[in-house]
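I have placed the structure first, in the form of structure tokens, so that the comments after it can refer back to it.
Just so it is clear, none of the values below were taken in a lab; they were calculated from the coordinates. Quantities reported herein were computed from a predicted structural model and do not represent experimental measurements. Every residue, glycine as well, gets a Cβ built from its backbone with ideal geometry; the counts of neighbours run over all protein chains shown.
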């Protein structure tokens, strides 16, 4: 009877060990198939105001913080990252107490499509969507006695680098998180 159990247990144990051989815990470093990335200037196909340059810079900064990975010029890089901003929207989330038709804050959302290729043209991923968002408050006080002033354009302009930094970090995660 013991031989029967051993004969049954041995293949099950081998199967269990083989099925776990490729398992990784979250945060476990993965050996990337490239050591350098060229970050092409981001293209803006949305209405995000002046977002291309801050996004490109945010991606470069985020990638350069990854150990063992660096950015390089197009001719020297082992991989090429292309990014295109495809969606940008402002969604009102709160209204002013003095005027309910006037939004007091907006949720700014942006979506980019990213393509990562090796320098020989092999595609690692194509048109991967990456999203980020931030909250923008439109009211500002000039002094304590004045009524709040609605300044959406100024506050949106000030928060664009924050939004692009968030998106750049998520794009970096997509680049280093390939399986």
*Spin-label model distance (nm) - residue 176 vs residue 129, 7 Å beyond Cα toward Cβ*: 2.6
_Added length on full extension, which subtracts the Cα-Cα distance from 0.36 nm per residue, residue 73 to residue 94_ = 3.1 nm
